[in-house]
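One structure below.
The values are calculated or read from the model by the stated rules, or taken from the named source; none is laboratory data. In this text, all values refer to a predicted model and were calculated from it rather than measured experimentally. Here the Cβ positions follow ideal geometry from the backbone for every residue, glycine too, while neighbour counts run over all protein chains shown. Side chains included, ligands, DNA and RNA excluded: accessible areas come from the protein's heavy atoms. Shrake-Rupley method; radii C 1.70, N 1.55, O 1.52, S 1.80 Å.
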Amino acid sequence: LSVLLSLREVRMNDKFSLLKKMRRLSGILVHPTSLPGKFGVGDLGPEAYRFVDFLQEAGQHLWQTLPLGPTGGHNSPYQCFSSFAGQPLLISPELLLQEGLLAESDLSNVPAFPEEEVDFTAVQAYKEELFKKAFTRFKELPEESELKSELALFCKSSHWLDDYAMFMAIKKSKDGLHWLEWEKKYRKPTKSQKAVIERDLEDEILYEKFLQWTFFRQWSQLKAYANERDILLIGDIPIFVSGDSSDVWAEPRLFQVDSDGFPTVVAGVPPDYFSATGQLWGNPLYDWKYHKKTNYTWWMDRFKTQFLLSDIVRIDHFRGLESYWEIPADSETALNGKWVDGPKDDFFETLIQSFGEEPPIIAEDLGIITDEVRALRDKFGLPGMKILQFAFEDDDSNYLPYNQPYNCVCYTGTHDNDTTTGWYASASEKARDKVRRYMNTDGSQISWDFIRTCFGTPARFALIPIQDLFCQGSEYRMNTPGKAEGNWAYRVKKELLTSDVAKRLYDVTKLYGR
């Protein structure tokens, strides 16, 4: 209950004592959906706790996830139905069983889901049936029960919840149709029309609130378990929100959209390492003048929720707060865009006023980075990111270990990169030769060469995608930027998380003082 109460106010003063106490930390990047488990997708149940135990056994102090929101059609955690809500697929049926909201018989016929990938469609159908059974049992509880009191408090404490629950209830009643295709009474409801919707979809709206309360409850318990073992959670804020989200539906004035809610300009990036034509993300862009007028209240609320979920926050596409690539909404590629000024210093000064000096934030500063972006990052003391896979094509890359400063985060690769084994297999011979000479290796276990090099850098934090622990190849990568299908489905087989792997990682960690 105290965790749910903290939704009202996030206190930063003593929350990050481990960060102050320990100077060099390391950890693993893996999204919870990628964890093992018998229900087709990693969740917040026993296997997540087992993974925390694995981190502790391996001497790690950081667990980085991707954004934890409810995902849309392509299952991307960077395109969510809400900037505040949690992903219902992460709810653990086993924990619902422990609380008496499911029966043993409900879990007796689990389908034969694949172990190494998520079949999102099948998992969604299966888990939705379980969650509705749990919701039915929840409604049958006495009104004075502790669980019902907690849900009531959660609803009262979560300013975003009413809009989100109504949005999702309508969306499900429309078979998932994008909100811009709804009838006007749902697309732009008046106060009286909202009252009618609340009455007509009362049970469906309460169900969405029940799912969110359950997610936050289970996540807060898992986070507390990790924190008790000196493991910090690194969360992720996508700088832009999905156009098909409760954020845009409920508060269109926050965005550059027309009177019907259609974006006039959209987000993306020009050509870079990942794509020769740039990336057309299609997210609506913010009306930063309006955000400034409101003292960035929506953003500060967003950070407050994120600091409840995690101890450190990575701002994805940090450079968009200095300047962002604005593309006309009718463009077919990202080529026809221009750079436009973001909120810059004013945004971070407001953040400091809200959360105190040195808020625990990582700046994702990859791609086209200018001196102005670096200056903004450094002015507020934010660590940037260094990717070892980027270090070996150029003669003196700033990603090379000897060029890395203390105040940065070194990764072997990220969720957007190939696995290290896959990268090495397809890299140029020039890069492969430099890797072998630099790391004094024959390349036979290149993932572990990269892990050792990453942990040995001056960087304050060192993080590795979990695939690199197992020397997995390209077929196990999490995401291929610019490719719409076939992403985000990677899963870890349970038998890979062994004590032998933990011991090997522990030895490397201690060797380099992390």
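May I ask you to derive the relative contact order of the chain, considering only C-alpha pairs under 8 Å and at least 6 residues apart, and to give it as an integer percent? Before the final figure, lay out the partial values.
On the way: 868 pairs, mean separation 98.4, N = 514.
About 19 percent, as a whole number.
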Legend entry - For the range 361-383 versus the range 155-227, the gap between their alpha-carbon centres in whole angstrom: 35
Legend entry - Amide H contacts under 5 Å for L232, placed H, 5+ residues apart: L62, W63
Legend entry - Accessible surface, per residue, of the chain when the full set of protein chains is kept, probe 1.4 Å, Å²: 42
Inset, instruction - Go ahead and collect, in residue order, the members of the range 289-317 whose backbone nitrogen is under 15 Å from a label point 7 Å along the Cα-Cβ direction of D345. - result: none
Legend entry - Segment R137-E204, length gained on full extension (0.36 nm per residue, minus Cα span): 22.6 nm
Legend entry - Added length on full extension, which subtracts the Cα-Cα distance from 0.36 nm per residue, K493 to S428: 20.3 nm
Legend entry - Dipole magnitude (debye, nearest 20) for the range 359-422, charges at Cβ of Lys, Arg, Asp, Glu: 340
Inset, instruction - Please find the FRET efficiency linking Y290 to E144, where r is the Cβ-Cβ separation and R0 is fixed at 45 Å, and quote it to the nearest 0.05. - result: 0.55
Inset, instruction - Whenever you get a sec, compute what percent of the accessible area on the chain sits on carbon and sulfur atoms (1.4 Å probe). - result: 49
Inset, instruction - List, largest first, the extents of the alpha carbons of the chain along their principal axes, each in whole Å. - result: 69, 53, 43
Legend entry - Estimated FRET transfer efficiency when R0 is 41 angstrom, pair S173-Y225 (beta carbons, to 0.05): 0.65
Legend entry - Net dipole in debye of the range 78-136 [+1 Lys, Arg Cβ; -1 Asp, Glu Cβ; about Cα centre; nearest 20]: 300
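Among the GluC sites (Glu not before Pro) in the range 139-168, which ones are in a DSSP loop with at most 10 other Cβ atoms within 10 Å of the Cβ? Mind listing them?
Here the sparse-neighbourhood loop sites are E140, E143, E144.
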Inset, instruction - Calculate the dipole size of the chain relative to its Cα centre from +1 charges on Lys and Arg beta carbons and -1 charges on Asp and Glu beta carbons; express the result in debye to the nearest 20. - result: 960
Inset, instruction - Give the percent of DSSP beta bridges with both residues in the range 206-314 that are antiparallel, rounded to the nearest 5. - result: 65
Legend entry - Most positive-pole-ward Cα, V257, G486, G69, against dipole of the chain from beta carbon charges: G69
Inset, instruction - Would you mind getting me the FRET efficiency between K338 and S157? Use the beta-carbon distance for r and R0 = 45 Å, nearest 0.05. - result: 0.65
Legend entry - For the chain, with +1 on Lys and Arg beta carbons and -1 on Asp and Glu, the positive-most of Q218, A427, Y402 along the dipole: Y402
Inset, instruction - Would you work out which of L153, L180, A195 lies farthest towards the positive end of the dipole of the chain? Charges go on Cβ: Lys and Arg +1, Asp and Glu -1. - result: L153
